[in-house]
Amino acid sequence: MVFGILIDVPIVVGGYFLMLRYQKQLTARLGRIELPSLATSMLLSVPLIMLEEQINCMSSWCGTVLIPPTLTILLVEIFGLSPVSLKIHAKNAFRVTALYSVFGVFIEAAVGGFVGAGWLTALIFAPYVWISYGFISLLPISVLIADRQLFAKNPEISAVSPTAEPAHDGYYPKFLSCDAQLYIPACELAKQVALQ
């Protein structure tokens, strides 16, 4: 741990529960980014993985590298998890990331930080590893699922990636984000005036 257990554990655990608590609000804010949802998801994953891996670093490279060597592996895992969550039409990002976290615990037990640790140590730290994997995957998967759900409701509006039409179709200024998840009175008024 980089900063010590009294700082590192609350950052990961507290950050995870804050993301879980404010998931819809954070997803709506991230929905204003005008990139394809997969690109937004992957870009969001990078800082989360870097923070988590700097906190839960291995002793061989802890504190000596800026970009953790596990970044690529975890990005590939989240990249693989993204189409799976879309293919199964997941409605709840927590369930998807909970299963991914279980997978992460098994990976850590097979080839990661639990190798060589006793069963008791592995059982004690398994919930923390589960939360760590949830920390890096909850928001990226939430962005994908929210975009797919919004696109399914209205193919002309997308929370993250304006694929069919731009979220700002000329009726209102470009700096306003008038997506279906947020009710912005100025957007509705501008649409009504434009239709008259």
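The values are calculated or read from the model by the stated rules, or taken from the named source; none is laboratory data. Just so you know, these numbers come straight off a predicted model, no measurement behind them. Because the Cβ atoms are built from the backbone with ideal geometry, glycine has one as well, and the counts that use them run over all protein chains shown.
Which of the residues spanning region 73-126 are crowded, with 16+ Cβ neighbours inside 10 Å and charged (D, E, K, R)? Hits for region 73-126 are GLU77, GLU108.
Can you find a residue that is in the same structural domain as GLY134 (by TED's automatic domain parsing), over 30 Å from PHE151 (Cα atoms) and surrounded by 13 or more Cβ atoms within 10 Å (Cβ to Cβ) anywhere in region 43-51? Yes, because at least one residue in region 43-51 is in the same structural domain as GLY134 (by TED's automatic domain parsing), over 30 Å from PHE151 (Cα atoms) and surrounded by 13 or more Cβ atoms within 10 Å (Cβ to Cβ). Go through region 90-113 and give me each residue that's in a loop (DSSP other than H, G, I, E, B) and farther than 16 Å from GLN23 by Cβ. Of everything in region 90-113, those that are in a loop (DSSP other than H, G, I, E, B) and farther than 16 Å from GLN23 by Cβ turn out to be GLY112, GLY113. Of the helices (runs of 4 or more DSSP H) that lie entirely inside region 1-89, those containing 2 or more residues that are within 20 Å of ALA126 (Cβ to Cβ) span 5-21, 37-55, 71-87.
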